[in-house]
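Asker: I have a structure I would like to understand better, so I am pasting it below and will then ask my questions one at a time.
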Amino acid sequence: MQNKKFKDRARPDAGEVVVVGGSAAGLYTAAAIARGGRRVRVLESKPDHDPAPRTLIVTNHFRNQLGASAGESILNEIRRFELFTDGRSAQIALTKPDLIIERARLIPTLAREAQHAGAKLSFDTRFLSLSPNSRGLHLDVESSGSREELHAASVVGADGASSRVARTAGWPPIETVPLVQAIVRLPKDCPPDTTRVWFVPDDTPYFYWLIPESAERGALGVIGENGPETARSLARFLEKKHIEPLEWQGARIPVYRRWVPVKRRLGNGEVYLVGDAAAQVKVTTVGGIVTGFRGALGVAQSILQNNRSRELAVLRRELDTHWLIRRTMHHFQQKDYSQLVDLLNLSTRDTLSEITRDESTRLLWNVLRRQPRLVLLGLRGLLLGKNPAPAQRLAPHES
């Protein structure tokens, strides 16, 4: 093994916040903390911000979170959903359009925003370990092949579902599920402003989707529980629809089952988790951009305001509601989805049009108020079986 030079920083600022991982949530956290007047440094293991392309769908709340810079990653706007199951279908028009974004465009935009706010980005820097010291926290990192010591008052783990920061600080591992999608030529009968969703419980307890990224192309994908079987299911579905894949995309996404406490005290320092590292993902759709940003804002507020953050309490309620809905639907059979589509009357569809899935508590109660028979269907779903089985740990999309 090659010998590595060991460096030690002289008189580091003990008040610095170190964010491990140049993810969307990590960069959003860094920008918020820097705007609050704290020194912040982002450690990114890659040599530059060149993320793998992945087509994602988010609600219009994304614009509120990013402001004017949101437009740089938006590929398309979606104004209608079409739901399919067992020969039945339903259409839902959206009052405010959903947005199709490209992750490979989003990450560089967030990096620029963080730097503009005053955050320092350190590329080719890999986090190794974390321990307490008299001034806060001590980090061992590898930077461009050399060992280096850093010191910080707080560390934020934004390094994904298999977060090394979380493991080092004592958080238990979280479950993940595979998402696989193919970039395809958009079928001629699919309008470019319409997302299609198919419920096929024999293949997956989640769903298939087709999200147009332009008038010519779209992303057709599926969420599953077993990696290889999920990929095989998508291949069969593409063949059935007579659609040829142009390229493949995929990821493993964390599954939210209960609130993950985002803070741990380590000696005189504090360690936080954001985004996928904290399973801040809507488990109904396995989407985490908007919720990851909300978690990032909550952690930034906690660091800047002495652990006071209303945003984290609101996010916890939101994620718990999504978990209740997922528990209800996870054991649905084909006839249950057929009944669900049949029960989407005009007033219920109006609610789904007006209230986004990033307001799940309000959405759920308004839907149930307008279609009470959905309560019985939901109770039946809860009684069909036990909680969803843990996802198998095998080696895209946001909603």
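Asker: Hey, what D do you get for region 238-327 in µm²/s if you plug the Kirkwood alpha-carbon radius into Stokes-Einstein at 25 °C and 0.890 mPa s? Provide the component values of the computation, followed by the final result.
Answerer: Numbers: Rh = 14.7 Å.
Taking Rh from Cα pairs, D becomes 167 µm²/s.
Asker: Taking the highest mean first, how do the peptides 242-253, 328-339 order by number of other beta carbon atoms within 10 angstrom per residue?
Answerer: On the way: 242-253: 15.5, 328-339: 18.1.
Listed from highest to lowest mean packing, they are 328-339, 242-253.
Asker: Give the label of the value calculated from the structure for P(r) over Cα pairs in 20 Å bins from 0, in percent, choosing from (i) 27, 55, 17, 1; (ii) 23, 45, 15, 6, 6, 4, 1, 0; (iii) 25, 53, 18, 4, 1.
Answerer: (i)
Asker: Can you give me the % of accessible surface on the chain that is carbon or sulfur? Probe 1.4 Å, all protein chains present, nothing else counted.
Answerer: Values: 8740 of 17690 Å².
About 49 percent, which is the carbon plus sulfur part of the accessible surface.
Asker: Okay, moving on. Which whole-Hz couplings ³J(HN,Hα) result when phi for each residue of region 110-124 is put into the Karplus expression 6.51 cos²θ - 1.76 cosθ + 1.60, θ = phi - 60°, listed in order with x for Gly and Pro?
Answerer: Listing the rounded values in order: 5, 4, 5, 4, 5, 5, 4, 6, x, 6, 9, 9, 10, 8, 6 Hz.
Asker: Okay, next question. Mind checking the per residue accessible area of the chain for me, 1.4 Å probe, whole number of Å²? Walk me through the numbers before you get to the answer.
Answerer: On the way: 17690 Å² over 399 residues.
Averaged over the residues of the chain, the accessible area is 44 Å².
The values are calculated or read from the model by the stated rules, or taken from the named source; none is laboratory data. The structure presented is a predicted model; accordingly, all values stated were derived computationally and were not measured. Neighbour counts are summed over all protein chains in view; Cβ atoms, including those assigned to glycine, are modelled from backbone coordinates with ideal geometry. Accessible surface areas use protein heavy atoms only, side chains included; no ligands, DNA or RNA. Shrake-Rupley method; radii C 1.70, N 1.55, O 1.52, S 1.80 Å.
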